[in-house]
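The structure appears below as structure tokens.
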Amino acid sequence: MLLAVSITACGDNQAVQVPAPVEKTVDGVTLKLTSESPLTPNTDQTWVINVSQNGQPVDNADVYLDIDMPSMPMGQNKPLAKGEGNGNYRAQGIYTMGGAWSVSVFAEFAGKEYQANFDFNVPE
């Protein structure tokens, strides 16, 4: 399920979408993905990933995204996330064109890998 909010850019009437945060819990680990950027093709995107286990933030995890367009192979797009503390990690990447995209969040710690998949529609 994808929820999005619209904001209007100053100076014009074109609406841009910044998706609402999405999260999934896998084996007691919650992976929350927040986009800080509008869904815009060929524009740098910034995501914040929050990793928590049983309600407690997880630091010192290896976190990365796998950004894929299922209908059209686009090559590898797997930005590494940098830890910021309190379970937060920041990654940057790009949607190379409009259409349906899948963003998989991976977090590895304590010898186990956790994964959550999220779908987004990037306007053309």
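Every read-out reported here was derived from the displayed coordinates using simple, explicitly stated rules and does not represent laboratory data. Keep in mind it's a predicted model, so treat the numbers as computed, not measured. Every residue, glycine among them, receives a Cβ derived from its backbone with ideal geometry; neighbour counts consider all protein chains shown.
General observations
- Between Asn60, Asn50, Asn88, the GNM of the chain built on Cα springs shorter than 10 angstrom shows Asn60 fluctuating the most.
- Taken as Cα centroids, region 37-86 and region 95-112 sit 6 Å apart, rounded to the nearest whole angstrom.
- Sorted by Cβ density within 10 Å, fewest first, the residues Ile94, Ile49, Ile67: Ile94, Ile67, Ile49
- In units of the compact-protein estimate 2.2 N^0.38 Å, the chain shows a Cα radius of gyration of 1.07.
- When each of Val48, Val58, Val105, Val22 is scored by the number of other beta-carbon atoms lying within 10 Å, the sequence from fewest to most is Val48, Val22, Val58, Val105.
- With contacts taken as Cα pairs under 8 Å at a separation of at least 6 residues, the chain carries a relative contact order of 23 percent.
- Theoretical FRET efficiency, 1/(1+(r/R0)^6), r = Cβ-Cβ of Thr96 and Glu23, R0 25 Å, to 0.05: 0.45
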